[in-house]
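Just below is one structure, and these are the notes that go with it.
The values are calculated or read from the model by the stated rules, or taken from the named source; none is laboratory data. All values derive from a computational prediction rather than experimental measurement. Cβ sites come from the backbone with ideal geometry, for glycine too, and all protein chains shown count toward neighbours.
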Amino acid sequence: MKKLLTVIACASALLASPAFANKPVRLASDFTYPPFNYMGTDGKPAGFDIEIADALCEEAKLKCTWVSQSWDSLIPGLMSRKSDVIMASMRITEERKRRVLFTDKYYQTPARFVAAKSEAITISKQGLEDKVIGVQTGTIHDRYVTDMFGDVAKIKRYNGQDEVYIDMQNGRLDATFGNSDQLSLAFLDQAIGQGFEFVGEAVTDKAYIGEGTALALRKNDKALANKFNQAIKTIRENGTYDKIAAKYFSFDIYGEELTK
């Protein structure tokens, strides 16, 4: 009987992880978040997330393919088996941990507000009263501004962060809130972001910002998660991670532990 149970358990593990069934591992992203994930001029996935994923798949000896989904459909798509792994700069939060299994983090950054330099906006209920704040829908940034300022400000939600930047430039928004590094690299450092700046202090509250950014899988795919965890450790140790990061960032994107 014990042997039979062992065989059943092994068979279940094989079925639970497509990596052990000799099938491609489908990685999902929304590709609207440069320089982390976006579509290149050649129409192919590009960015830090993409290169890290390629390195992880190579290290873990996994055949990986990409699936494009909107941000708010990433977790539902994972649950309905339209994908196997979310690789889209998704933060580890307690709320999400109740639904998905996260790997170890592969980077971590705080979040910040951005507004026009000419507006002199302060980050407080009084300072944001009647202001329009743009965020990507369904993100931790959406949740934070909704909880903190939804009673005094208008929250405008977008499918992609790139849409937020267009409306910031066109004066349709008073402020936006998001990943500090993405805001800097994809907006403030670009022509579209001239005349804008960070306002207020960096937000590092784990209840909202989470414990880092990781790959997300279905809870029963522990074997596949372990393969990715080992791969994350290996590329951190052998220099592959730093080589990729240096293409995109002039600072340590891996980051230290955030505190409240």
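Scanning the range 49-81 for residues that are part of a helix (DSSP H, G or I) and not aliphatic (A, V, I, L, M) returns Asp49, Glu51, Asp54, Cys57, Glu58, Glu59, Trp71, Asp72, Ser73, Pro76, Gly77. Within the span defined as the range 43-62, every residue fails to be under 18 Å from Met87 (Cβ atoms), at pLDDT 95 or above and in contact with an Asp or Glu (Cβ under 8 Å, 6 or more places away or on another chain). Residue pairs whose Cβ atoms lie under 8 Å apart, separated by 6 or more positions or on different chains, with the first residue in the range 87-102 and not assigned by TED's automatic domain parsing to the domain that holds Ile75 and the second crowded, with 18+ Cβ neighbours inside 10 Å, do not occur. Figure legend. Inter-residue proximity from the range 119-133: first residues on the phi > 0 side of the Ramachandran plot and in the same structural domain as Thr176 (by TED's automatic domain parsing), second residues of a type outside the set (Lys, Arg) and surrounded by 12 or more Cβ atoms within 10 Å (Cβ to Cβ), beta-carbon distance below 8 Å, spacing 6+ or different chains. Indicated pairs: Asp130/Val152; Asp130/Ala153. Residues in the range 211-260 that are at pLDDT below 95, surrounded by 20 or more Cβ atoms within 10 Å (Cβ to Cβ) and more than 13 Å from Asp104 (Cβ to Cβ): Ile253 only. Condition test on Lys105, is it without any contact (Cβ under 8 Å) to a residue 40 or more places away in the chain and over 25 Å from Gly200 (Cα atoms)? No.
Taken over the range 148-170, the criterion of being more than 20 Å from the chain's Cα centre (by Cα) and touching a residue at least 40 places away in the same chain (Cβ under 8 Å) is satisfied by Met168 alone. Taking helices (runs of 4 or more DSSP H) as the structural unit, those lying wholly within the range 149-260 and holding at least 2 residues that are β-branched (Val, Ile, Thr) correspond to 161-169, 222-237, 240-248.
For the range 37-67, a residue qualifies if it is among the hydroxyl-bearing types (Ser, Thr, Tyr) and under 14 Å from the mean Cα position of the chain (by Cα), and exactly one does: Tyr38.
Restricting attention to the range 82-115, the residues being assigned to a loop (DSSP other than H, G, I, E, B), at pLDDT 95 or above and among the polar types (S, T, N, Q) number 2. Annotation: of all residues in the range 85-130 being more than 30 Å from Cys64 (Cβ to Cβ) and of a type in the set (D, E, K, R), the one that is surrounded by the fewest Cβ atoms within 10 Å (Cβ to Cβ) is Asp130. Taken over the range 189-198, the criterion of being buried (at least 18 other Cβ atoms within 10 Å of the Cβ) and under 22 Å from the mean Cα position of the chain (by Cα) is satisfied by Gly193 alone.
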